[in-house]
Structures are given as structure tokens and as C-alpha cells.
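Q: Sending over a structure as C-alpha cells; questions will come in a sec.
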Amino acid sequence: MALKPSVNMLRLLAVLVVVGSISAFAPVKLVFAWLKPLPEDIPGQLTQTLEYGFDGIIAYVDIKNHAAITYTAGWHNRDLRQPARPDALFKIASIGKLYDAVAITKLISANTLSADSRLSELLPQLADTLPNADIITLRMLVQHRSGLANFTDTAEYWQKGYLLTDQQRLALIYGLPANFAPDSQYQYSNTNYLLLQRIIEQACQCDQFDFINNTILQPLGLDATFRSIKDIDTARLMSGYYVGIKEDIKHADYGAMVATAADVGVFLRALNDGSLLSEDEKQIYSSLYQYQHSGLIPGYQSLAHYDRDSDTVIVLFANTTDFSDDSHWAIFELMLGRIKKIAHSG
């Protein structure tokens, strides 16, 4: 007579199957991070996350009908032994694309721009410089469907990108062919948003960040979001570290916007609950871009996450990066999921 497996044995077998399948495709430390017992609270999870090579972490959690809370762990500046600060400024990298997409939306709604306008019409000075400029539309730029080469994929960018102007960054792709025909594929390209920033400035006849400040930040009362590190007291900027490099790299300027986790969180909620946009703008934005984003530059990785089912905003910052180890980012994303579980468990 065959023995009926116990419930505990079935659970163990299930875990072994999962571990076996994960181990075949993921680094061992990611498996162990996944298997670790879930801490009772968010501070416990942040402390646990430090074990995976992160120097400092900030987590902003805003659950519907609860007061938003910013949690921290680790170092704001490890050399000075300064603890992580909830009000610290942070380079938000590509999370800034959400702000650009909102700015484009507002300009389209005001009939200042058209989503179907061609790049050659919008920036005629570049018509003969960029491939397919007479085919690429504004919509394709916003949605990463232009086919234009990504300037951050060039070797020159990673050698000296923090020393270059936007014009010099764009020049890194001059002469490079298109990666694909416009609108035939999706491929993330920072070149698209470098061009969008120019288009915003040309359309509003003002500085791109000033437009964002006037139409997004001020209406939301956000006074801790800045154009770049050039506009802040860098003592308030969380230090940035790269695994294997001892020096603090926070003074390297890659052109990223700077903000607190709380400012990003308030913006993200307003974007998702619709209070940032008019009815017309909501329809336009929904047809253009996404409602959450991640960010990654040397020394800084970030997630701006919105969970619609629970109406929860989570903004997660970590001031340590390692581009040579895919598990570093994977563990960071895993921590977001674990924080969400803890928050929802009460």
C-alpha cells in the first residue's frame, strides 16, 4: 500500500522543485534571497537587504487610507558614518521619463504639439543627422519605438558620459544606423528622451525643467525635486557607490533629476489617481506611456512602483550598483515585492 505524503512533505517537495528551477537560471545568492523568511516589518526587510551588498536604502510606502511613511537603513555616507536619511536627495535617473511624458501630454492637450508630428518637423536642424527623421513621430519617441541608437550603449558614454553636455551625448550616435525600422519594434533608448527634452523646450519656449516645475511640481507642492545635482546642496544628496570602487561617486553628473523618495511618491500617486491630469490629458497619457518606472545610473538604482489592486505606492532607492552582476538588480526588485507583501500584511 502506497504511503500518502504528508502536507509538510508536499510543501518541501514544492520548495525543492522551485529551488531547482530557479537555481538553473539564477545566481545562488538570488535563490537564497528569495528563500529567506519574510521579516515582520519593513525596517527588518531593509536591514536584511543590506546583507546583499547595498550601502544604504530608502523606502517610501503610501498605502490607501494610511499615512505615508519613509523608512531607511544603512548609510547616507558610509565614509562619514552618516545614517541614511528619509529626507535625502537621490538621483532618480530614468524615473524622470515619467515627468517628461506628462510634460509632452500637457503640450499635446494644449494643441502645442501633436503625437503624430515627425521628428524632421519638430527638430528640423537634426533632419539630416538622424536616420528616419522623416518617419519617426513624437509618439514613437515617447514609446521607445523610434529605432534610434541608444547613446548610453556607446563605449564613449561610460568612459566620460558624466563630463558631457546633452549636445555631446547626442553626438555619440551621429552616423550610427537605425537599430530597426520606426514603429516596427520596441527598444529602450535614452536618445528618445534626450530628443524629447529638446522638443519640450522648443514647444514651450522655455527651459524643459522650468516647464515641469510650473506644470507638475508646483501644483503638487513638490519642493524637493530638482533639475540636477548642480542645483542642490550636495551634502543632502545620498552618496553613490559602485561595487569594487571605494570612492563616493555622487558628484558625477549624468544629467539625472534629483528628488526625495517622498516627492517621487506624491508625484506617482497623483499620476496614477488622475489628480495630476485633466480628463483630456488622462486619455492622451494612457495612449502614450506607462504609469511607473525604474532608474539606474552608476551609484543609484530606484523603483517607482504603483500597485493598482491595493492602491499602494512604493518608492525604493538604493545607493549601490554593480552592472557586472545581474543578480544585484534582481535582488533589488525582489526586495520591492517583499516590502509590498509586508505592507499588505499589516
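Q: In the stretch 217-241, how many residues are of a type in the set (Ser, Thr, Tyr) and buried (at least 19 other Cβ atoms within 10 Å of the Cβ)?
A: Number of matching residues: 3.
Q: Check off (1) open to solvent by 20 Å² or more (accessible area, probe 1.4 Å); (2) touching a Phe, Trp or Tyr at 6+ places or on another chain (Cβ under 7 Å); (3) on the phi > 0 side of the Ramachandran plot for Gly299 and give me the number that stays unchecked.
A: (1)
Q: Step by step: first the residues of the stretch 286-320, then only those that are polar (S, T, N, Q) and under 14 Å from the mean Cα position of the chain (by Cα), then the one that is farthest from Lys97 (Cα to Cα). Which residue is that?
A: Asn319
Q: Additional query: Considering only helices (runs of 4 or more DSSP H) fully contained in the stretch 85-199, which possess at least 1 residues that are closer than 19 Å to Arg227 by Cα?
A: 96-109, 166-171
Q: Pairs only if they're at least six apart or on different chains, beta carbon under 9 angstrom, first in the stretch 77-92 and within 13 Å of Ala259 (Cα to Cα), second assigned to a loop (DSSP other than H, G, I, E, B) and of a type in the set (Lys, Arg); list them, first residue then second.
A: Lys91/Lys250
Q: For the stretch 142-184, which residues satisfy the criterion of being closer than 22 Å to Leu98 by Cβ, open to solvent by 30 Å² or more (accessible area, probe 1.4 Å) and polar (S, T, N, Q)?
A: Within the stretch 142-184, Gln143 is the sole residue that qualifies.
Q: Looking at (1) crowded, with 18+ Cβ neighbours inside 10 Å; (2) at pLDDT below 95, can you tell me which one Ala261 breaks?
A: Every condition holds for Ala261 apart from (2).
Q: Let me ask something additional. Hey, can you tell me all the residues within the stretch 48-83 that are under 30 Å from Lys246 (Cβ atoms) and either among the hydrophobic types (A, V, I, L, M, F, W, C) or loosely packed, with under 15 Cβ neighbours inside 10 Å (or both)?
A: Hits for the stretch 48-83 are Leu50, Glu51, Phe54, Ile57, Ile58, Ala59, Ala73, Trp75, Asp79, Leu80, Arg81, Pro83.
Q: Tell me, which residue of the stretch 93-125 that is closer than 27 Å to Thr152 by Cβ and without any contact (Cβ under 8 Å) to a residue 12 or more places away in the chain is least open to solvent (accessible area, probe 1.4 Å)?
A: Step by step, filter the stretch 93-125, then rank; the result is Pro124.
Q: Does Asp326 satisfy the criteria of being modelled with pLDDT under 95 and either open to solvent by 40 Å² or more (accessible area, probe 1.4 Å) or of a type in the set (A, V, I, L, M, F, W, C) (or both)? Can you show your working first?
A: On the way: modelled with pLDDT under 95: yes; either open to solvent by 40 Å² or more (accessible area, probe 1.4 Å) or of a type in the set (A, V, I, L, M, F, W, C) (or both): yes.
Here the answer is yes, as Asp326 does meet what is asked.
Q: Right, here's the next one. For Ser120, work out the one condition from (1) of a type outside the set (A, V, I, L, M, F, W, C); (2) at pLDDT 95 or above; (3) under 30 Å from Arg269 (Cα atoms) it doesn't fulfil.
A: Status for Ser120: all satisfied but (3).
Q: Of the conditions (1) open to solvent by less than 10 Å² (accessible area, probe 1.4 Å); (2) polar (S, T, N, Q); (3) farther than 21 Å from Met238 by Cβ, Asn319 clears all except one; give me its number.
A: (3)
Q: Restrict the check to the stretch 10-23 and report whether at least one residue is at pLDDT 90 or above, surrounded by 11 or more Cβ atoms within 10 Å (Cβ to Cβ) and more than 26 Å from Asp263 (Cα to Cα).
A: The answer is no; no qualifying residue exists.
The values are calculated or read from the model by the stated rules, or taken from the named source; none is laboratory data. All values derive from a computational prediction rather than experimental measurement. Please note: Cβ atoms are built from the backbone with ideal geometry, for glycine as well, and neighbour counts cover all protein chains shown. Surface areas here come from the heavy atoms of the whole protein model, side chains and all, with no ligands, DNA or RNA. Shrake-Rupley method; radii C 1.70, N 1.55, O 1.52, S 1.80 Å.
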